[in-house]
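*Asks:* Before we start, here is the structure in question, set down as structure tokens.
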Amino acid sequence: MSAASRAAGQRDEISFGRPDDGPLPGEPGQLPAGPGQLPAEARQLPGDAGPAITTSGLAKRFRGGQLAVGGIDLAVPHGSVYGFLGPNGSGKTTTIRMLLGLVHPTSGSHELLGVPMPAGANAVLSRVGSLVEGPAFYSQLSGKANLARYDAADRTADPRTADARICGALDRVGLLSAARKHYRAYSLGMKQRLAIAAGLLGPRELLILDEPTNGLDPQGTREVRGLIREIAADGTTVFVSSHLLAEVEQICSHVGVMRTGKLVFQGTLGQLRSRGATRILVRTAQPARAAEVLAGLGLADVQAGQHEASGQLGGQPPEEVCAQLVQAGVPVAGLDTPRPSLEDLFVELTGEGFDVDG
């Protein structure tokens, strides 16, 4: 169901007033459409317009005093794939539900596509697709019939173009050949793609996805990631929450990291990578002596191993450090300046490990 219909208070029991299966492409009744795709003139690259999502001090405290989200300031650029990351329980889903008007914030404010929420929900949510906490479909109905019910529940949708938009959305996610297959026979990856298709029944400027690859096998995960990249390439801003580092490295241009309800980092993926302190790693037969030289040069966190010594490089040029090692009589077999991995940076930011596979 679209965010618009859910926020407008539509009941979970969706109308059954339409036929189970309308025409597929090539059959009578098809109308030309490009579901989920923006017109060429509306497509924007990151930085071409104001933020697609902004929040100011957005917070949610539940009854009993539990603080789920503690005053975060998001800025999601138009045209970006924004990875909203954090361990389970860090406040990601609660934030998404507040963004869509499904949960009222305790304090703070936010805008979607430049429209204040929740006052502007009726005006803006028809331009927003969403998938929150997994798909919910009727197992005994086909994929196409399920989308028909989602579409019927959206009061902003034009019923005259429903068949064309539904078929176009199925085609967009690669499910057109399985349109009349029962949902219960879909694989996990197909179910997740159908849920994304539900968010693409009309042109969307913003797509909000909550853990879209959760529980999928490697093939299903690749399919969903590829679909997200295609959607973003068409000019749609994608806001995707995840606890998988692979999501960041493979599809995201921007990152926000949550820790116990707080936003502890926000910026581009490159800015995140550059956050870590560069170390110098010296491979040598005299690691203890090398560590002494590094400490004498003022390097922090100096460590000595079996055949190597290392320390935080700081602002010192690595070639000068190497020259000092040689001058001190340390045989240098190799020299490297590795940066911390993304996993190391996330552990530093959140205090918890992340799943790196997916």
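The values are calculated or read from the model by the stated rules, or taken from the named source; none is laboratory data. Values in this document were obtained by computation on a predicted structure and should not be read as measured data. Note: ideal-geometry Cβ built from the backbone for every residue, glycine included; neighbour counts use all protein chains shown.
*Asks:* What are the residue pairs meeting all of these: first residue in the range 318-345, first residue of a type in the set (Asp, Glu), second residue not in a loop (DSSP other than H, G, I, E, B), Cβ atoms under 8 Å, and 6 or more apart or on different chains?
*Replies:* From the range 318-345, the pairs are ASP336/ILE280; ASP336/LEU281; ASP336/ARG283; GLU343/LEU245.
*Asks:* If you check ARG259, ARG229, ARG289, ARG283, which single one turns out to be touching a residue at least 24 places away in the same chain (Cβ under 8 Å), over 24 Å from LEU206 (Cα atoms), surrounded by fewer than 20 Cβ atoms within 10 Å (Cβ to Cβ) and assigned by TED's automatic domain parsing to the domain that holds THR95?
*Replies:* Numbers: ARG229 fails: over 24 Å from LEU206 (Cα atoms); ARG289 fails: assigned by TED's automatic domain parsing to the domain that holds THR95; ARG283 fails: assigned by TED's automatic domain parsing to the domain that holds THR95.
Going through ARG259, ARG229, ARG289, ARG283 in turn, just one is touching a residue at least 24 places away in the same chain (Cβ under 8 Å), over 24 Å from LEU206 (Cα atoms), surrounded by fewer than 20 Cβ atoms within 10 Å (Cβ to Cβ) and assigned by TED's automatic domain parsing to the domain that holds THR95: ARG259.
*Asks:* Shifting gears a bit: Could you check the range 75-95 and list, in sequence order, the residues that are crowded, with 20+ Cβ neighbours inside 10 Å and either part of a loop (DSSP other than H, G, I, E, B) or small (Gly, Ala, Ser) (or both)?
*Replies:* Hits for the range 75-95 are HIS78, GLY79, SER80, GLY83, GLY86, SER90, GLY91.
*Asks:* Any residue at all in the range 180-187 that is at pLDDT 90 or above, part of a loop (DSSP other than H, G, I, E, B) and among the basic types (Lys, Arg)?
*Replies:* Within the range 180-187, one or more residues are at pLDDT 90 or above, part of a loop (DSSP other than H, G, I, E, B) and among the basic types (Lys, Arg).
*Asks:* Collect the residues in the range 300-326 that are at positive phi and of a type in the set (D, E, K, R), keeping them in residue-number order.
*Replies:* If the condition is that a residue be at positive phi and of a type in the set (D, E, K, R), then ASP301 is the only one that fits.
*Asks:* Which of the residues belonging to the range 335-349 are in a helix (DSSP H, G or I) and over 13 Å from LEU85 (Cβ atoms)?
*Replies:* Going through the range 335-349, the residues in a helix (DSSP H, G or I) turn out to be 342-349.
Matches in the range 335-349: ASP344, GLU348.
*Asks:* Looking at the structure I just gave you, is GLY235 over 11 Å from the mean Cα position of the chain (by Cα) and either assigned by TED's automatic domain parsing to the domain that holds LEU100 or buried (at least 17 other Cβ atoms within 10 Å of the Cβ) (or both)?
*Replies:* Yes: the conditions hold for GLY235.
*Asks:* Given the criteria of a type outside the set (Val, Ile, Thr) and touching a His at 6+ places or on another chain (Cβ under 9 Å), does GLU205 qualify?
*Replies:* On the way: of a type outside the set (Val, Ile, Thr): yes; touching a His at 6+ places or on another chain (Cβ under 9 Å): yes.
When the stated conditions are applied, GLU205 passes them.
Let's see how each residue does on (1) in contact with an Asp or Glu (Cβ under 9 Å, 6 or more places away or on another chain); (2) at pLDDT below 95; (3) part of a strand (DSSP E or B):
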position: ASP12; (1), (2), (3): no, yes, no
position: SER15; (1), (2), (3): no, yes, no
position: PRO23; (1), (2), (3): yes, yes, no
position: ALA49; (1), (2), (3): no, yes, no
position: THR55; (1), (2), (3): yes, no, yes
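*Asks:* Hey, another quick one. For the range 256-270, indicate whether the set of residues that are closer than 30 Å to THR94 by Cα and in a helix (DSSP H, G or I) is non-empty. Outline the logic, then answer.
*Replies:* Within the range 256-270, the first condition is being closer than 30 Å to THR94 by Cα, and the residues that meet it are 256-270.
Checking which are in a helix (DSSP H, G or I) leaves us with 269-270.
Yes, some residue in the range 256-270 is closer than 30 Å to THR94 by Cα and in a helix (DSSP H, G or I).
*Asks:* Residue pairs, Cβ under 8 Å, 6 or more apart or interchain, first in the range 175-187 and without any contact (Cβ under 8 Å) to a residue 40 or more places away in the chain, second polar (S, T, N, Q) and surrounded by 12 or more Cβ atoms within 10 Å (Cβ to Cβ). List them.
*Replies:* LYS181/SER142
*Asks:* Do we have HIS254 as crowded, with 17+ Cβ neighbours inside 10 Å, closer than 20 Å to THR350 by Cβ and at pLDDT below 85 here? Step through it out loud before you land on a result.
*Replies:* On the way: crowded, with 17+ Cβ neighbours inside 10 Å: yes; closer than 20 Å to THR350 by Cβ: yes; at pLDDT below 85: no.
So HIS254 fails the test.
*Asks:* Let me ask something additional. Write out, first by first residue and then by second, each pair whose Cβ atoms fall under 9 Å of each other, whose residues are 6+ apart or on separate chains, and whose first residue, in the range 194-210, is touching a residue at least 40 places away in the same chain (Cβ under 8 Å) while the second is outside any helix (DSSP H, G or I) and charged (D, E, K, R).
*Replies:* LEU201/ASP154; GLY202/ASP154; GLY202/ASP158; ASP210/GLU133
*Asks:* Tally time: how many residues in the range 273-329 are assigned to a loop (DSSP other than H, G, I, E, B) and touching a Pro at 6+ places or on another chain (Cβ under 8 Å)? Give the steps one after another, and end with the answer.
*Replies:* Going residue by residue through the range 273-329, those that are assigned to a loop (DSSP other than H, G, I, E, B) are 276-278, 285-286, 297-299, 305-307, 313-317, 328-329.
Pick out the ones that are also touching a Pro at 6+ places or on another chain (Cβ under 8 Å) and you get 276-278, 285-286, 305-307.
Residues meeting the conditions: 8.
*Asks:* When residues of the range 129-150 are filtered for being touching a Lys or Arg at 6+ places or on another chain (Cβ under 7 Å), surrounded by 19 or more Cβ atoms within 10 Å (Cβ to Cβ) and not β-branched (Val, Ile, Thr), how many remain?
*Replies:* So the answer is 6.
*Asks:* Another question, if that's okay. Residue by residue through the range 301-348, note down the ones that are more than 13 Å from ARG279 (Cα to Cα), in contact with a Leu (Cβ under 8 Å, 6 or more places away or on another chain) and of a type in the set (Asp, Glu).
*Replies:* Matches in the range 301-348: GLU343 only.
*Asks:* Which of the numbered conditions does GLY215 fail, given that it passes all the others? Conditions: (1) surrounded by 16 or more Cβ atoms within 10 Å (Cβ to Cβ); (2) at pLDDT below 95; (3) not in a helix (DSSP H, G or I).
*Replies:* Exception for GLY215: condition (1).
*Asks:* Okay, next question. For GLY220, are the conditions met, namely being assigned to a helix (DSSP H, G or I), at negative phi and of a type in the set (Gly, Ala, Ser)? Walk me through how you get there before you give the answer.
*Replies:* Numbers: assigned to a helix (DSSP H, G or I): yes; at negative phi: yes; of a type in the set (Gly, Ala, Ser): yes.
Considered against the rule, which asks whether it is assigned to a helix (DSSP H, G or I), at negative phi and of a type in the set (Gly, Ala, Ser), GLY220 comes out as yes.
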